[in-house]
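J.: This is the structure I have questions about; it appears just below.
Nothing in this text is a laboratory measurement; each read-out follows from the coordinates by a stated rule. The structure presented is a predicted model; accordingly, all values stated were derived computationally and were not measured. Cβ coordinates were reconstructed from backbone atoms using ideal geometry, including for glycine residues, and neighbour counts include every protein chain displayed.
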Amino acid sequence: MSPYIGRHGWNTLAIGGAIPDEAMREAIDTSYELVVAKLPRSQRPESSSSNSS
């Protein structure tokens, strides 16, 4: 299981369940990007801006 925070709180995605792997990766990536975007620039990982698509 992979917990991540969505719009209304924490969600849990079951690996190997009904959610396709690509959709799961996309949900986790989006969640990470949203969290990093709210961090002060001094606390953001250096690689986050170079990984943007």
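J.: Sequence-distant or interchain residues sharing an amide H contact under 5 Å with LEU13, placed H: which?
T.: SER2, TYR4
J.: Which order do the peptides 38-46, 13-21 take when ranked by the mean count of other beta-carbon atoms within 10 Å per residue, highest first?
T.: 13-21, 38-46
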